[in-house]
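Just so it is clear, none of the values below were taken in a lab; they were calculated from the coordinates. Remember, predicted model here, so these are calculated numbers, not experimental data. A quick note on method: Cβ atoms are made from the backbone with ideal geometry, for glycine too, and the neighbour counts reach across all protein chains shown.
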Amino acid sequence: MDQIVKETEALGKILQTLFTRLPVYVEIKGRSYPVKIVGAKENVYLLAHIPGAANPEKIRTLFLTHNQHFFHAVFTVAGRNESTNLELLRIQAIKITAAKRAQGRLELESGGEKITLTNIINQLHLRRSLGFVPKAIDEIVQKHAKKLQEVYPDSLVYFSDRMDNRLRVMYNFEQSIFVTDRREKESGGAGPKFVPIEEYTKLVSLNKLESRFVSEIAVLIRYKNYTPLGYVQVLSEKPMNTEDYNKISLVSAGISKEIIGSGFFQESKEKCMVEDISRSGLGFFHPQSIFFSRSFASGETLLFDLYFNKELKGTFRAVIRNITNTDKLFRVGCQFFNLNQRESDVLKQYIDTNLGPGEGEQAPEAEMKEGATEMSSNDGSNMDLSMSSQMDSMDLMGESGTNSQIDESLDSIPEEPI
């Protein structure tokens, strides 16, 4: 039975436990697009990156799937920054409906072509493991840091479970820093693929730099091009260019590759068989183990390597939707979550080949700005700096949207497939 939640306390709990942890989508002109939630505030507000060009909407409908139910949340727009597509949204009501399985799912028959899944790790455990770095990993980091300083004397490698302000900003924006000349407030940044110059200016106002430094490049160290683990930073008295950025990026990639290759991260090496797959998710089997008990739970985010065939493979990210106990194995149902472009293309190629172009497609590709494509499990401490600085730049609009508009939005919510 459908349920509509309007009580402030209940709405706040749903925002904190679901909308800041799970993949969230926005409905724009009848289509759904992924949204990056920067954080929640005062139990009634969400700060969110809205995809596509800014538009004058007064009401936003965000939704997610959890435990076989759709949560459709109706918000009024309380503030907007058109240059970054950030919106401050105030929750008004949430409609909860039963979810249905999507069409366009490819069932993999036994004896036919197999898809295997391995090297599984819980995304949340990645950062936790950085608090227990052994000497061998520290030696890898120091080796690369020493080589870097031979070329760039004013450089460092930050690799820690504790987020400093610089990593926190890059983590929330999912972008590296590339500032050619911080004295140029309008043109000192290197473009939309990097942390905005305005945010960088706020960062260095809190973390002072020596006045002699005019240029900075800080490249994220990522786990398989997804989760940030640290960064490589270079400061310069002269403006740096793309060649410098590429050199520093190679150092970052080298550190990541060597640490992953060392076996430091505790990945499940089980070769799991995929039962079914669609454009939005998959189901696979995993045996019971200590690793399974610690890492697998509904709502947790997994990273894993997926092998479609000898030529087609990639590292994917997905949120666990359900876990079912079969006779011998556990079946894990997952929803893909903010994939890299390469993996999105690989998945599309496989589904198009086996189901036909466009079959099972729920919505078009999101037209999102760079850096607004990923959401990781966060706590409030990771969001405070980014939320405060970004809310300062909001054009506050006050309460918008009438009760009749809100009720109309709730009534118009369709039944959607899972």
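Placing +1 on each Lys and Arg Cβ and -1 on each Asp and Glu Cβ, with no other charges, gives the range 134-261 a dipole about its Cα centre of roughly 220 debye.
Between Leu124 and Asn67, the contour length at 0.36 nm per residue exceeds the Cα-Cα span by 18.5 nm. A protection proxy built from the mean count of other Cβ atoms within 10 Å ranks the segments 116-129, 145-158, 36-49, most packed first, as 36-49, 116-129, 145-158. The smallest convex shape that holds all Cα atoms of the range 134-261, its convex hull, gives 103 Å³ per residue. Whole Å is fine, so just give me how far the alpha carbon centre of the range 338-353 lies from that of the range 114-193. Between the Cα centre of the range 338-353 and that of the range 114-193, the gap is 26 Å. Rounded to 0.05, the FRET efficiency of the Ala253 and Gln3 pair, given R0 = 30 Å and the Cβ-Cβ distance, is 0.05. Simple spin-label estimate for Asn165 and Thr353 gives 5.0 nm between the two label positions (7 Å along the Cα-to-Cβ direction from each Cα). Note on Arg294 and Ile260: the extension gain reaches 10.2 nm, defined as 0.36 nm multiplied by sequence separation minus the Cα-Cα distance. Set the Förster radius R0 to 51 Å, insert the Cβ-Cβ distance between Lys147 and Lys269 as r into 1/(1 + (r/R0)^6), and round the FRET efficiency to 0.05. According to the calculation, E is roughly 0.95.
Stretching Glu243 away from Thr201 to a fully extended chain increases their span by 12.8 nm, per 0.36 nm per residue minus the current alpha-carbon distance. Label positions at Asn309 and Asp138, each projected 7 Å from the Cα along the C-beta direction, are separated by 4.9 nm.
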